[in-house]
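So the structure is just underneath, and the comments pick up after that.
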Amino acid sequence: MLDRPPFLADGTAHKPARGPIHETAHVTAPATAHEMAARATARSKPEYESGTAPFRAFPADLHGRLRPFLADITAEVVGTIRTEIAEYARPMDDTYMHVVNRAVEQALAGFLERIARPESDWESVKATYQRIGKGEADEGRSLDSFQSALRLGARVAWRRVNALVDADLLPRGALAAFGEALFLHLDEMAAAATSGYKEARLHTAGELQQRRTRLIDLLTADPPVSAEAIADLAHSAQWQVPRELAVVVTDHALAPESIRPIVPPEFLARFDEQPGCIVVPDPKGPGRARAIAGALHGLRVVIGPTVPLDEGARSLRWALQALGLSRRGILPRTGVVQCADHLSTLLLFQDESLVQALVQRHLLPLDEVRPPQRERLAETLLCWLQCGHNASEVATRLAVHPQTVRYRLRQLDEIFGDRLHDLAAQFEMQLALHALALTPTAA
């Protein structure tokens, strides 16, 4: 039906066979995008950019000649939409179809108004379509069906106008401008609906994120809140309550939301402060660690211990402590740090004043030795304590000759005396040496 242009190659109008308006009539193809672009270039730029140029090309009485057919065209557009788009296959007395019918009426009436007065303000029609877009978003639907309805409505209107031209009820010279104006009008309605849709989605997303942020606060509260309060907020935040969770913290730039890390939807995330905080449900599930590493690649990341639902504060507390140690280089600075892999270090650095007290009490004699010999003796002593006093194994670990180890052990025996063989002192020495090995600048 769209197989011939309105004009022949020589520029004369093509005269189709006449027929009744309501019968299927030959439809002249609308202008292509290239033709529309060429016409736009030919017009003055300010006029075309105002959106009024296509409407200025019509005869002065065109809107009056079209108005008697407005009700029939509206009915045909609505009927075709109901027939061809499944989303709109509803009874005409359905509330939603009343909205559709009203939208079609306003779209066509607004189109006629622009033909009559190109400079007229049709913001009310735009507002209607913005509300339609918002309604689609509020109902959780996409705009696909609506956009299809717009295109289908434009095709029906174009077909009916062609039929009117064929019946000599409209001037043929207005046909090309009509097609351009119709599709410009269609684009602007679609843009208005999309604007309303996006605004509603952003508003909904903002409210949902606020609930999810509040849920993070509840899950990491100390003392813990009731399970009922968590369940209620989780329902409104569209989050399934797990049996266990882990809290992840990360150093990240306080960047705009558009370039913040993107985490799986089942994670609760907050990146509006430093450090970022993520609650991971059922962290022992398959692929969880990989998902965290992938989402936060390139950032310093610490995963707190897996805890029951009411102990999120503990997971957060350990993760923050480990993050501080990672920043200092005591724990790895890069990659994903699992608190569960560094429990002894976390325990040792719970109170660093106690660590310093251990160092002062048990390692002070090493101050009498000059560096770097002091560092070598401390390394040898720690390895000897860890290897159960086996000098050969110490030599293997340190990659030195066994005789060198024995020489160093004789030096240590002279420095520490009987304390070197006191089991209680050995345990505390090992803790102090381990702390020094993790913080070499403190030596």
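The phi torsions of the stretch 386-403, fed into the Karplus equation with coefficients 6.51, -1.76 and 1.60 and a -60° offset, translate into couplings of 6, 8, x, 6, 8, 5, 5, 5, 4, 4, 5, 5, 8, 6, 10, 6, x, 5 Hz, rounded to whole numbers, with Gly and Pro shown as x. Estimated at 0.36 nm per residue, the fully extended path between Arg419 and Arg102 surpasses their Cα-Cα distance by 104.7 nm.
Would you mind calculating the gained length between Ala291 and Ala399 on full extension (0.36 nm times residue separation, minus the Cα-Cα distance), in nm to one decimal?
Using 0.36 nm per residue and subtracting the Cα-Cα distance, I get 35.0 nm.
The residues Glu199, Glu368, sorted by heavy-atom accessible surface at 1.4 Å with ligands and nucleic acids left out, run Glu368, Glu199 from largest to smallest. For the stretch 288-302, backbone phi angles converted through the Karplus equation (6.51, -1.76, 1.60; θ = phi - 60°) give residue-by-residue couplings of 5, 4, 5, 5, 5, 4, x, 6, 10, 4, x, 9, 6, 10, 10 Hz, Gly and Pro being listed as x. For the stretch 136-243, trypsin sites (Lys or Arg not before Pro) meeting the loop criterion (DSSP other than H, G, I, E, B) and having at most 16 other Cβ atoms within 10 Å: Arg141, Arg243.
Distance from the Cα centre of the stretch 365-404 to that of the stretch 129-202, in angstrom? Answer, in whole Å: 83.
Each residue, Asp93 and Gln240, gets one label point 7 Å from its Cα in the Cβ direction; the gap between the two is 4.2 nm.
Between the amide H of Glu244 and those of Asp282, distances stay under 5 Å, these residues lying 5 or more places away or on another chain, with hydrogens modeled in the peptide plane. The trypsin sites (Lys or Arg not before Pro) of the stretch 377-443 include none that meets both criteria, a DSSP state outside H, G, I, E and B (loop) and at most 10 other C-beta atoms within 10 angstrom of the site's C-beta. When the surface is traced with a 1.4 Å probe over the full set of protein chains, Asp282 keeps roughly 70 Å² accessible. Summarising the amide proton neighbourhood of Val337: residues at separation of 5 or more, or on other chains, whose placed amide H is nearer than 5 Å comprise Val301, Val302, Ile303. Largest accessible area first, the residues His252, His342, His235, His421 order themselves as His235, His421, His342, His252 under a 1.4 Å probe with ligands, DNA and RNA left out. When you filter the GluC sites (Glu not before Pro) in the stretch 260-317 for DSSP loop state and at most 16 other Cβ atoms inside 10 Å of their Cβ, you are left with Glu266, Glu273. How high is the FRET efficiency from Arg131 to Arg333, r the C-beta distance, R0 56 Å, rounded to 0.05? Taking R0 as 56 Å, the efficiency between Arg131 and Arg333 is 0.60.
Per the Debye calculation on the stretch 78-145 with a single equal scatterer at every Cα and no solvent contribution, log₁₀ I(q)/I(0) for q = 0.15, 0.19, 0.29 Å⁻¹ amounts to -0.56, -0.83, -1.30.
The values are calculated or read from the model by the stated rules, or taken from the named source; none is laboratory data. The model shown is predicted, which means the values in this text are computed figures rather than measured ones. Using ideal geometry, Cβ is built from the backbone for each residue, glycine included, and neighbour counts are taken over all protein chains shown. All accessible areas refer to the heavy atoms of the entire protein, side chains included, with ligands and DNA or RNA removed. Shrake-Rupley method; radii C 1.70, N 1.55, O 1.52, S 1.80 Å.
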